[in-house]
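The values are calculated or read from the model by the stated rules, or taken from the named source; none is laboratory data. All values derive from a computational prediction rather than experimental measurement. Every residue, glycine as well, gets a Cβ built from its backbone with ideal geometry; the counts of neighbours run over all protein chains shown.
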Amino acid sequence: MLSFAEQIPMTSEAIAQSCNTNPVVIRRIIGLLTRFGLVTVKMGTGGGARLTKKPEEINLAEIYEALDEGAVFEVPQFDENFHCEVGKIVRPVLADVLREAEDGLKEKLKQIKLSNVIERVKEKLQENCVR
């Protein structure tokens, strides 16, 4: 949403209304993006949030890392009373496989710029307007 606003700051209320969510949720996300230097916030009248860089300078891995949602894949932990020998071996192997998959995801996200996503959204909007 911020990337579509160009140089006009967007308020958390405006973004929340567009996303059909609570402004508090948006402020939390903006806070995370701000800590990573992807967004800047101006307080007061005429204030709001906007990107600190051009969309072509931001890759999706940066956004993914900023949002810090934890691991995509989680392998359940076993307590010390777990006695299945196969399970004890499978868990760390599966954890390694899933960690490699997430690393692959991050590498792919590094290749995709925010501007690529914006362009695809604009294309879809045009397709929907033509119908």
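Of note:
- Test: residue 58 is of a type in the set (A, V, I, L, M) and out of contact with any Lys or Arg (no Cβ under 8 Å at 6 or more places or on another chain): no
- Selected residue (criterion: farthest from residue 112 (Cα to Cα)) from residues of the stretch 9-26 that are assigned to a helix (DSSP H, G or I) and of a type in the set (A, V, I, L, M): 24
- For the stretch 52-61, the count of residues that are in contact with a Gly (Cβ under 7 Å, 6 or more places away or on another chain) and either within 29 Å of residue 111 (Cβ to Cβ) or modelled with pLDDT under 90 (or both) is at least one.
- Condition met for residue 130 (of a type in the set (A, V, I, L, M) and over 19 Å from the mean Cα position of the chain (by Cα)): yes
- For the stretch 30-72, a residue qualifies if it is within 12 Å of the chain's Cα centre (by Cα) and acidic (Asp, Glu), and the qualifying residues are 62, 65, 68, 69.
- Residue ID - surrounded by the most Cβ atoms within 10 Å (Cβ to Cβ), chosen from residues in the stretch 85-116 that are basic (Lys, Arg) and farther than 18 Å from residue 67 by Cβ: 91
- When the helices (runs of 4 or more DSSP H) confined to the stretch 27-131 are screened for residues that are in contact (Cβ under 8 Å) with a residue 60 or more places away in the chain and outside the structural domain of residue 11 (by TED's automatic domain parsing), those reaching at least 1 such residues are found at 114-130.
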